[in-house]
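Here's the structure, in structure tokens; my notes come after.
FYI, it's all coordinate maths here, none of it is from the lab. Every value quoted in this text rests on a predicted model; they were computed, and no experiment measured them. Cβ placement follows ideal geometry from the backbone for every residue including glycine, while neighbour counts extend to all protein chains displayed.
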Amino acid sequence: MMNSFPKALQIDNNTSWQQLLSHTINDPEQLIKLLELPHDYLQGAQTGDAEFSLKVPTPYLNKIKKGDINDPLLRQILPIEAEAQQIPGYVTDPLAEMSANHHEGLIHKYKGRVLIILTGACAINCRYCFRRHFPYQENKLGPKQWQQVLKYLNDDESISEVIFSGGDPLATSDNRLAQMITDLEKIPHLTRLRIHTRLPIVLPQRITPEFTSILENSRFDTVMVLHANHPNEIDNETGRITSQLKSANVTVLNQSVLLKGVNDCVETLKTLSEKLFHAGILPYYLFTLDPVQGAAHFNVDDKQAIQLFGELQTLLPGYLLPKLAREIPERPSKTLLHP
Ligand code: SF4
């Protein structure tokens with residue numbers, strides 16, 4: 001498969017995920033040229049980029065329609081001027097994660113499960129990301145911090161599930177992931193491993209036989225929660241990697257964020273659920289936007305979200321409906337927005 005962009009990485013069957021990860025598009029001018037967008041958008045893109053840098057991998061770029069400023073995938077990655085505006089209520093830590101950041105690299109919000117920030121790196125910078133201001137530098141998980149995390153997990157027998165998060169946990173190497181899983185497996189009360197990742201959607205080459213064999217050989221019940229927001233993000237590759245993961249006994253789910261101008265339309269949400277299911281993935285959550293500074297232009301208000309969801313409910317069987325929810329800081333679980 002060759003892409004048609006002159007200056008983006010040319011992809012063929014031998015292109016590794018590591019090459020793709022290290023050759024992302026980071027320059028607003030290059031993005032605008034490659035996608036043949038009006039030059040007028042450059043200044044706004046540079047302003048937004050200064051707030052949270054542009055980053056997009058070639059496989060995702062190839063799914064964006066050239067010349068279409070309203071492309072729903074483009075809206076998720078193109079920095080814009082509005083990101084620099086301060087809007088009341090939109091803050092740098094919208095989920096108050098700092099109060100649950102008990103150790104470097106560890107967040108413990110809910111009973112029974114703990115989240116580990118493996119890395120601050122992602123393959124893509126999503127403009128609405130609730131961790132766009134997260135202090136990754138203060139959460140580096142080196143060998144010393146990892147031992148502290150293991151001790152924390154060892155000492156609390158109520159914890160049964162570990163969630164690999166980030167950044168994107170799959171931006172890290174197979175060797176590191178394998179070693180971490182081996183260390184965690186030595187803690188007898190841990191039974192489940194959950195991996196939250198957008199990489200299989202934006203850079204499907206990441207799912208290799210070597211990676212899936214790590215999960216297949218683990219004693220953990222493993223769940224992978226993907227992150228796709230729009231049906232155009234799902235293609236045949238998604239189905240291929242899902243079958244690989246399922247052969248390794250991994251349960252594959254998807255969570256989305258409801259985003260103005262991207263998927264705030266009942267037909268789009270319906271098609272997303274149907275395409276996910278066709279690819280072997282169950283819709284899990286549809287989250288409303290977390291009020292993070294710089295992303296207010298993506299907000300869909302609760303009234304509209306509930307109305308959209310009500311319409312969706314009439315069009316899909318129950319097993320294709322994600323749960324419409326939001327995370328409210330300090331609450332003991334996610335809050336459902338529909339009956
Ligand atoms: S991949 Fe996830 S963590 Fe990374 S920028 Fe996107 S939403 Fe945020």
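Taking the Cβ of residue 251 as the center, what net charge do the other residues with Cβ under 14 Å away carry, scoring Lys and Arg +1 and Asp and Glu -1?
0
Please list the three semi-axes, largest first and in whole Å, of the ellipsoid equivalent to region 224-280, using sqrt of 5 times the eigenvalues of its alpha carbon gyration tensor.
22, 11, 8
Among 192, 219, rank each residue by its count of other Cβ atoms within 10 Å, from fewest to most, as a rough exposure measure.
The order, fewest Cβ neighbours first, is 219, 192.
No solvent, one uniform scatterer per C-alpha: report log10 I(q)/I(0) for the chain via the Debye equation at q = 0.07 1/Å, two decimals.
One equal scatterer on each Cα of the chain leads to -0.28.
Shape of region 1-105 from its Cα gyration tensor (a ≥ b ≥ c, root eigenvalues): rounded if a/c is under 1.5, otherwise prolate when a/b > b/c, or oblate?
In terms of gyration-tensor shape, oblate.
For the chain, what does -39500 (n - 2.57) per DSSP helix run (n ≥ 4), summed and divided by total residues, give at 222 nm, in deg cm²/dmol to the nearest 500?
Only helices count here, giving -9000 deg cm²/dmol.
Using alpha carbon centroids, what distance separates region 138-159 and region 83-117, in Å?
Region 138-159 and region 83-117 have Cα centres separated by 17 Å.
Arrange 281, 234, 87, 32 by Cβ neighbour counts within 10 Å, fewest through most, would you?
Ranked by crowding around the Cβ, least crowded first: 87, 32, 234, 281.
With 23 Å as the limit, write out which pairs from 246/334; 109/275; 109/323; 111/151 have Cα-Cα distances beyond it, or answer none.
246/334; 109/275
Give the whole-number value, in cubic angstrom per residue, of the convex hull volume spanned by the C-alpha atoms of region 51-164.
Taking the convex hull of the Cα positions in region 51-164, it is 135 Å³ per residue.
For region 203-271 and region 19-47, compute the distance between their C-alpha centroids and round to whole Å.
26
Under 21 Å Cα-Cα from residue 66, which lysines qualify once same-chain neighbours fewer than 8 residues away are excluded?
Output for residue 66: 7, 33, 55, 260.
For residue 30 and residue 271, what does the FRET efficiency come to when R0 = 25 Å and r is the distance between their Cβ atoms, rounded to the nearest 0.05?
Rounded to the nearest 0.05, the efficiency is 0.20.
Out of all DSSP beta bridges with both ends in the chain, state the antiparallel percent to the nearest 5.
15
For the charge dipole of the chain, defined by +1 on Lys and Arg C-beta atoms and -1 on Asp and Glu C-beta atoms about the Cα centroid, which residue among 108, 257, 136 has the Cα displaced farthest towards the positive pole?
Working it through, the farthest residue towards the positive pole turns out to be 108.
Just to confirm the filter: which GluC sites (Glu not before Pro) across region 246-339 are DSSP coil and have at most 12 other Cβ within 10 angstrom of their Cβ?
Within region 246-339, the qualifying GluC sites (Glu not before Pro) (loop, at most 12 other Cβ atoms within 10 Å) are 330.
If contacts are Cα pairs under 8 angstrom and at least 6 residues apart, what is the relative contact order of region 97-336 in percent?
In percent, rounded to a whole number, it is 16.
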